[in-house]
1. With θ set to phi - 60° and the Karplus curve 6.51 cos²θ - 1.76 cosθ + 1.60, what are the ³J(HN,Hα) couplings of the stretch 61-66 in order, to the nearest whole Hz, using x for Gly and Pro?
2. Dipole of the chain (Lys/Arg Cβ +1, Asp/Glu Cβ -1, origin at the Cα centre): which of 85, 121, 110 lies farthest to the positive side?
3. Can you compute the charge dipole magnitude of the stretch 109-155 about its Cα centre, using +1 on each Lys and Arg Cβ and -1 on each Asp and Glu Cβ, nothing else charged? Give it in debye, rounded to the nearest 20.
4. Quickly estimate the mean residue ellipticity at 222 nm for the chain, helices only: each DSSP H run with n ≥ 4 gives -39500 (n - 2.57), and the total goes over all residues, rounded to 500.
5. Neighbour counts of other C-beta atoms within 10 Å: give me 12, 128 arranged from fewest to most.
6. What are the ³J(HN,Hα) values, in whole Hz, obtained from phi via the Karplus relation 6.51 cos²θ - 1.76 cosθ + 1.60 with θ = phi - 60°, for each residue of the stretch 41-47 in sequence order, with x given for Gly and Pro?
7. May I ask you to derive the relative contact order of the chain, considering only C-alpha pairs under 8 Å and at least 6 residues apart, and to give it as an integer percent?
8. Would you grab the residues whose amide H sits under 5 Å from the one on residue 106? Only those 5+ places off in sequence or on another chain, please, with H modelled 1.01 Å from N.
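Values in this text are rule-based calculations from the coordinates and carry no lab data. This is a predicted model, so every value here is computed, not measured. Quick reminder, even Gly has a Cβ in these numbers, built from the backbone with ideal geometry, and neighbours come from all protein chains shown.
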Amino acid sequence: MRKEILDEFAGKDIVVGGDGQCDSPGFNAKNLCYFMVENSTNYIIGIEILDKRHVGLISTNMERKAVKQGLDKLKNDNVRVVEFVTDASSSIKALLESQFEGIVHSLDVWHKSKSIKKCLTKLGKPKKMKKINDWSAHIVRHFWYCSSACRKDETTTDEEALKTMK
């Protein structure tokens, strides 16, 4: 089945999203399952399962190794990944810049919006800042709108976001 799916994308430029799930939160995870999904079809085109023993017992290195293995396999299967969408992992960013130079690294809007919501919630905790809580859902929705409107053009995202500030 995997071969048939990958044959569909052989020789084509595709956008892939990737994310991993550990068996436990934080820095004491023992196992990681990393999924790679083709953007337009939502087909799972890669799964990497790692144990932290594979990365010198350092659980934070598992995601980086899983991404490297997955992208290498796709390349060997003649699948051309032109864009890779992930969370804001600095280790994945460094990996793509150093070893996969032809791949554009984009950030996942869902993870970023979750981060914005978390920051706004923290800001809204003091009594004098409670109004932020009233606006946080609107701000996150506006971020989603700006991200979808930009389509790879950072300037457009900034312009869209600033329109409401004026």
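1. For the stretch 61-66, the Karplus curve yields 8, 5, 4, 4, 5, 4 Hz.
2. 121
3. 380
4. -15000 deg cm²/dmol
5. Arranged by neighbour count, lowest to highest, 12, 128 become 128, 12.
6. These are the phi-based 3J(HN,Hα) values: 10, 6, 6, 6, 10, x, 9 Hz.
7. 16
8. For residue 106, whose amide H was placed from the backbone, the distant partners under 5 Å are 84, 85, 86.
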